[in-house]
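Chemist: I have a structure I would like to understand better, so I am pasting it below and will then ask my questions one at a time.
Please treat every number below as a calculation from the coordinates, not as lab data. On a predicted model such as this, the values are computed, not experimentally measured, just so you know. Note that we place each Cβ from the backbone using ideal geometry, even for glycine, and neighbour counts take in every protein chain shown.
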Amino acid sequence: MSDKPLPPMAKQDFETLADFRYQIRRFLRFSEQLTRKAGITPLQYLMLLNIKGYPGREWATIGEIAERLQAQHHGVVALVSRCEKMGFVERRRSTEDRRRIEVRLLAKGEEYVERLANAHRVQLITLDGRFAVPTAKSFARD
């Protein structure tokens, strides 16, 4: 990207950004209601999803989960502890690096994340084509 300042945003740019944020908020509200109805918090679901969906393996560390959730390390430690008590996850010392603690899904966590993720997938399909974001070209008017 060049150092040239971007031109002022046009009305259409604001409309596109506003609609994008609206669609995100609708999806998040759907997710919040769905997870609470299932008996867990949205953050608990996100943690389960990020463990299940961690690239290349079936577990994640506290630090990796914290990064994915954009949360503080100590907050994620507490979240993992709550999910352990609920039977969703377990902490396991790594066999490769004894200093590393792996957070792994248990059968109950697997069941919840699969059921909730599938409902989210169905909702995302209904939003197909609704997430329009401004492109660099739309901002590069001269």
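Chemist: Once label points are set 7 Å from the Cα along Cα→Cβ at both ARG25 and LYS37, what is their separation, rounded to one decimal in nm?
Modeler: That separation, rounded to one decimal, is 2.2 nm.
Chemist: Kirkwood Rh and Cα-based Rg: tell me the resulting Rg over Rh for the chain, rounded to two decimals.
Modeler: Result for the chain is an Rg/Rh of 1.10.
Chemist: Past the 15 angstrom mark, what percentage of all C-alpha to C-alpha distances in segment 1-40 do you count?
Modeler: On the way: 485 of 780 pairs.
Tail of the P(r) past 15 Å holds 62 percent of the pairs.
Chemist: Percent relative contact order of the chain, based on C-alpha pairs within less than 8 angstrom and at least six residues apart?
Modeler: Normalised by residue count, the contact order of the chain is 32 percent.
Chemist: Determine the calculated [θ] at 222 nm for the chain from helices alone, applying -39500 (n - 2.57) to every DSSP H run no shorter than 4 residues and normalising by the residue count; nearest 500 deg cm²/dmol.
Modeler: Roughly -19000 deg cm²/dmol at 222 nm, from the helical runs in the chain.
Chemist: Take the Cβ-Cβ distance between ARG115 and ALA18 as r, set R0 to 41 Å, and report the resulting FRET efficiency rounded to the nearest 0.05.
Modeler: On the way: r = 33 Å, r/R0 = 0.80.
E between ARG115 and ALA18, to the nearest 0.05, is 0.80.
Chemist: Within segment 1-63, which GluC sites (Glu not before Pro) sit in a loop by DSSP and count at most 14 neighbouring Cβ atoms inside 10 Å? Walk me through the numbers before you get to the answer.
Modeler: Details: sites: GLU15, GLU32, GLU58; in loops: GLU58.
Those that pass, being in a loop and sparsely packed, are GLU58.
Chemist: Still on this structure: Rank ALA107, ALA66, ALA117 by mean-square fluctuation in a GNM of the chain with C-alpha springs under 10 angstrom and give only the top-ranked residue.
Modeler: ALA107
Chemist: If you don't mind, another one. Provide, for segment 1-124, the number of lysine pairs with alpha carbons under 27 Å apart, each pair being eight or more places apart or on different chains.
Modeler: 6
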